[in-house]
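Chemist: The following block contains the structure, expressed as structure tokens.
The values are calculated or read from the model by the stated rules, or taken from the named source; none is laboratory data. Note that the structure is predicted; figures quoted are calculated from it, not measured. Neighbour counts run over all protein chains shown; Cβ positions are idealised from the backbone, glycine included.
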Amino acid sequence: MNKIEQPHRFSTDAVRKHPDDKDGAAKHLNATARNIASQFRRDTMSPIMVSGVLRLVELALLALAGTLLFVHYVGLGTSLTWQYPIVIACGSLIAVILLDIVDCYQLSALMRPVSQIGRIAAVWAGTLALFAVIGFFVKISGEFSRVWFGGWFLSGLFLLIGPRLLLAHMIKRWARNGTMERRAVIVGGGKGAETLIRSVEQQPYNDIRICGIFDDRDDKRSPPLVAGYPKLGTVPELIEFARIARIDMLIVSLPLTAETRVLSLLRKLWVLPVDIRLSAHSNQLQFRPRAYSYIGAVPLLDIFDKPINDWDSVAKRAFDIVFSLIGIVAFSPVMLATAIAIKLDSKGPVLFKQQRHGFNNEVIDVYKFRSMYTEMSDPTAKQTVTRNDPRVTRVGRFIRKTSIDELPQFFNALLGSLSLVGPRPHAIAAQSHNLLYNEVVDGYFARHRVKPGVTGWAQINGWRGEMDTDEKIRMRTEYDLYYIENWSLWLDLKILFLTPVRLLNTENAY
């Protein structure tokens with residue numbers, strides 16, 4: 001059996017820069033595929049988020065139990081007033097960490113809480129035993145209350161087991177009604193797809209819901225029904241399917257030896273905000289363990305990960321809410337003065353609403369201060385604003401140069417249609433030389449794998465304002481893709497605080 005020292009990785013650049021099919025040229029779905037996609041339109045709960053919340057809940061419950069026992073039985077008048085809280089906090093934290101290490105937060109463990117009672121009890125007892133040993137060696141164990149210590153052990157054990165019994169019941173109900181599941185689409189049909197599906201279905205306690213199969217081959221080479229799942233269409237149709245349905249994962253069921261076909265598929269699929277995995281259950285090659293993820297015991301090669309997912313998305317949303325509120329309060333005098341100036345300068349509404357592409361190509365309404373004469377406004381942005389554009393009002397020229405016209409988008413970010421930082425959303429009909437942006441740049445729609453932003457990495461690096469050449473569109477897209485692939489809260493904070501400085505350069509803003 002061949003061994004490969006380095007895990008195989010597909011080059012993002014090789015996928016991105018290939019001049020094949022445009023990602024915007026998706027075909028229309030057939031009625032069956034559209035009906036199935038509509039059934040999966042609702043968002044689901046992530047098992048990672050559920051286990052993460054359980055960690056926080058158990059940490060809080062253990063700390064609360066220890067604190068209440070301390071206050072009620074020991075009292076605040078003890079000579080160990082500060083030692084008790086330290087032991088409670090450290091003991092609770094260490095217990096949760098150890099439970100994580102022994103896999104008590106895995107989905108399979110959460111669905112079988114009775115089988116985990118012995119392991120949970122051993123971890124909790126071991127945690128408190130560790131503190132008893134430490135107390136013995138530092139000669140303070142005799143000063144701690146035995147009743148408190150024993151009471152905390154018993155109450156903590158109850159609080160670790162009781163909620164898990166309830167959670168197991170809830171998880172099973174969520175799994176039945178589709179509230180908590182990972183939705184997967186198989187790419188590629190035939191015998192390989194059938195073997196993969198059978199292997200996945202045989203895994204106990206797996207949370208995968210297979211939504212269908214997509215394959216470019218005809219029914220002779222790829223049957224219309226595989227292991228009970230219908231073939232819903234071709235790969236270009238899959239892109240439209242994934243725009244409607246909330247899909248979590250694409251599993252490419254092709255052998256690694258079919259490298260040309262695999263790469264061809266990835267060039268079309270990488271624009272979607274989903275995890276992309278390559279089935280490895282029947283491959284002869286062996287890779288390093290960290291190259292794989294698993295569905296039960298079924299190995300998958302990780303090709304692309306959904307960006308800003310699970311707890312990262314929670315952190316980014318909290319970031320948006322906090323800083324949007326700060327921005328609204330800080331700039332409210334400027335926004336009020338701008339609204340008055342627009343009203344005095346020309347007839348029409350203060351705000352201008354424009355439809356733009358949002359996350360996963362969804363159409364969203366983005367608000368700006370009106371900078372053009374009402375009768376000359378261009379909601380589709382089909383005609384780019386140029387220097388000395390006669391459509392722009394006197395106030396409009398100033399607020400566009402200073403980006404004050406964008407300030408209402410703080411409300412978009414607060415409500416969730418935009419993020420504060422991300423690829424700038426373009427109007428759905430924005431063009432360059434009579435070509436839509438996605439017709440100019442291969443992989444353009446990959447910008448929409450994350451929520452668009454009020455400001456972004458491209459903007460602080462000089463790519464703001466008029467997009468009058470194909471090169472400018474390509475460069476903006478390249479910077480946007482860099483941001484997506486290298487996202488962090490620190491990068492968001494950096495972009496946010498550099499934006500006012502970089503706005504002083506108004507060369508390309510008309």
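Chemist: Taking strands (runs of 3 or more DSSP E) that do not extend beyond region 172-258, which have at least 1 residues that are closer than 17 Å to Leu272 by Cα, touching a Phe, Trp or Tyr at 6+ places or on another chain (Cβ under 7 Å) and of a type in the set (D, E, K, R)?
Modeler: Details: elements: 182-187, 208-214, 229-233, 249-252.
The qualifying strands (runs of 3 or more DSSP E) are 182-187.
Chemist: From the residues in region 300-343 that are hydroxyl-bearing (Ser, Thr, Tyr) and more than 30 Å from Leu272 (Cβ to Cβ), which one is farthest from the chain's Cα centre (by Cα)?
Modeler: Within region 300-343, the subset hydroxyl-bearing (Ser, Thr, Tyr) is 313, 324, 332, 338.
Checking the rest, the ones that are also more than 30 Å from Leu272 (Cβ to Cβ) come to 332, 338.
Values: Ser332: 31, Thr338: 35 Å.
Ranking the candidates gives Thr338 first.
Chemist: Tell me, please, whether a residue that is at negative phi and in a loop (DSSP other than H, G, I, E, B) can be found in region 151-168. Talk me through it step by step, then tell me what you get.
Modeler: At the first step, the residues of region 151-168 found to be at negative phi are 151-168.
Then keep just the ones that are in a loop (DSSP other than H, G, I, E, B); that gives none.
Within region 151-168, none of the residues are at negative phi and in a loop (DSSP other than H, G, I, E, B).
Chemist: Can you run down the residue pairs with Cβ atoms below 8 Å, 6 or more apart or on separate chains, where the first is in region 80-101 and in the same structural domain as Leu154 (by TED's automatic domain parsing) and the partner is among the polar types (S, T, N, Q) and surrounded by fewer than 20 Cβ atoms within 10 Å (Cβ to Cβ)?
Modeler: Close Cβ pairs satisfying both conditions: Tyr84/Thr78; Pro85/Thr67; Ile88/Thr67.
Chemist: Follow-up question, since we're still on this one. Would you mind stating whether Ala175 is small (Gly, Ala, Ser), crowded, with 16+ Cβ neighbours inside 10 Å and in contact with a Cys (Cβ under 7 Å, 6 or more places away or on another chain)?
Modeler: On the way: small (Gly, Ala, Ser): yes; crowded, with 16+ Cβ neighbours inside 10 Å: yes; in contact with a Cys (Cβ under 7 Å, 6 or more places away or on another chain): no.
Judged against the criteria, Ala175 is not a match.
Chemist: Quick check: anything in region 304-317 at pLDDT below 90 and either more than 19 Å from Ile484 (Cβ to Cβ) or assigned to a strand (DSSP E or B) (or both)?
Modeler: Yes: region 304-317 contains one or more residues that are at pLDDT below 90 and either more than 19 Å from Ile484 (Cβ to Cβ) or assigned to a strand (DSSP E or B) (or both).
Chemist: Please go through region 204-236 and pick out each residue that is charged (D, E, K, R) and either modelled with pLDDT under 85 or under 23 Å from the mean Cα position of the chain (by Cα) (or both).
Modeler: Asp207, Arg209, Asp216, Arg217, Asp218, Asp219, Lys220, Arg221
Chemist: Pick from region 344-362 the residues that are among the hydrophobic types (A, V, I, L, M, F, W, C) and surrounded by 12 or more Cβ atoms within 10 Å (Cβ to Cβ): which of them is nearest to the chain's Cα centre (by Cα)?
Modeler: Step one: list which residues in region 344-362 are among the hydrophobic types (A, V, I, L, M, F, W, C), which gives 344, 350-352, 359.
Checking which are surrounded by 12 or more Cβ atoms within 10 Å (Cβ to Cβ) leaves us with 350-352, 359.
Working: Val350: 34, Leu351: 31, Phe352: 30, Phe359: 10 Å.
Going through the qualifying residues, I end up with Phe359.
Chemist: If you check Gly190, Gly233, which single one turns out to be out of contact with any helix residue (DSSP H, G or I) (no Cβ under 9 Å at 6 or more places or on another chain) and surrounded by 14 or more Cβ atoms within 10 Å (Cβ to Cβ)? Lay out the reasoning, then the answer.
Modeler: On the way: Gly233 fails: out of contact with any helix residue (DSSP H, G or I) (no Cβ under 9 Å at 6 or more places or on another chain).
When all the criteria are applied, what remains is Gly190.
Chemist: In region 375-386, is there at least one residue being modelled with pLDDT of 85 or more and farther than 30 Å from Glu240 by Cα?
Modeler: Looking for residues that are modelled with pLDDT of 85 or more and farther than 30 Å from Glu240 by Cα, one finds none in region 375-386, hence no.
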